[in-house]
Each structure stands twice: as structure tokens, then as C-alpha cells.
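Notes follow once the structure below has been shown.
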Amino acid sequence: MRACARKYGREGHEGEGHDFRRATGHAPQSGVSAPGGMSQEDLWGIVGLIHDFDYERWPSLEDHPYKGNEILKQRGYPEVITRAIMSHAEYTGVTRDSPLEKALFACDELAGFITAVALIKPGKSLAEVDAKSVRKRMKDKAFARKVNRDDIINGARDLGVDLDEHIVLCIEAMKCIAKQLGLDGSAAKTA
């Protein structure tokens, strides 16, 4: 999401005027560039990080992302965050209007799918994943069968970007945090 903010975000758009510390009671990650507010990159990164925080506890369509959204609202998270989170689930009826909302939807299923592709590679590393291998696995309906391929395709389309270009962007962004994701090959070395 941070890479998408750099590529698709517009300064002075979603993040303008939102003071994360005031809204949540917590300090944002470093890199806040706007006084009294947060940078686009921080905003998009936070949305990407927390959008599914309630899923393990409440995975049903009746509960996710509704329960998590209630918690965020109670804690004072700004509407730009709560709305984006609601918009990532088709069944909520919340439209995706902003670049942030469109990027979250475009990255959600794709990031999980890229992770699955990396985990079947011999080195269990994102360094072994490219757009061609992701596209090849997308055709295999038995592979990561719970990942909605239509969401991946439609997400890139709605964001206004070529699917292969979006896959490359996501792979490269994930490579930057491969160690934190456990996709740097270290898992294969310990096995």
C-alpha cells in the first residue's frame, strides 16, 4: 500500500487534515511529512496493515469488516480509514471512489496470492516470484483456490493499471519487506 501511495496517491487528498495521533491516541509511524497530519504513504500503509485485523476473530460475511470497523470508530479512527476498510469488501455496499480505496481492493487478494506463490518456490522467497509465475498460477484454479481471481483482475482494472504492471509493483513492494513477511528465503534454510 505504501508503494501504491507513492505511485497513485495525490498529495493533499485522503491524508490532508487527518491528525492520526489525535484521532487514535497513538503516534503514527515515522515519516509524517505534514504538520498536524500524516503523509499519504503512512495513511495508505496503515489502512493496508489494519484492514483485516478482525478477520481471524470474525471471518464471517456478517461480521467482517463490520466488527473491526466498529472498534476503529470507537477508538476515533478517521472516516478516511474506516470507509476504505469497508470498501474493500464487495458485500458491504460501500463503493470504492478514492485512489486509496481502489488500491486497497487491488492489493488485498493479490498480496495473499503472491505470498502463496512465494511459499511454493524452492527457496520460499519473493526473489523467486515474477509476474509470469503469478499469472501462470492464476490460471490454476486448484492453487490458492480461496483467492478470488476476479478481484485481482478487477482491482487492477478499477485502479486504471495494467494487471502485469500492478503485479510487478506489488511483488517489488513486498520484496522490500520480505524478511518481515517471512518470505526472504530464511524459512527454507531452516527446514
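No value in this document is a laboratory result; all are computed from the given coordinates. This structure is a prediction, so every number in the text was calculated from the model and none was measured. Note that we place each Cβ from the backbone using ideal geometry, even for glycine, and neighbour counts take in every protein chain shown.
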* Asked: Are any of the pairs K67/K124; K7/K73; K139/K175; K7/K132 more than 26 Å apart by Cα-Cα distance, and if so, which?
  -> K67/K124; K7/K73
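Determine the relative contact order of the range 47-184: mean sequence separation of Cα pairs under 8 Å and six or more apart, normalised by residue count, in whole percent. Before the final figure, lay out each step's value.
Numbers: 132 pairs, mean separation 29.3, N = 138.
21 percent.
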* **For the range 89-182, with +1 on Lys and Arg beta carbons and -1 on Asp and Glu, the positive-most of T92, A156, I171 along the dipole** => I171
* Asked: Going by how many other beta carbons lie within 10 Å of each one, how would you line up L110, L163, L119, fewest first?
  -> L119, L163, L110
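Reported to two decimal places, what Rg/Rh ratio describes the range 99-191 when computed on Cα atoms with Rh from the Kirkwood expression? Can you show the working numbers first?
Numbers: Rg = 12.9 Å, Rh = 13.3 Å.
A ratio of 0.97.
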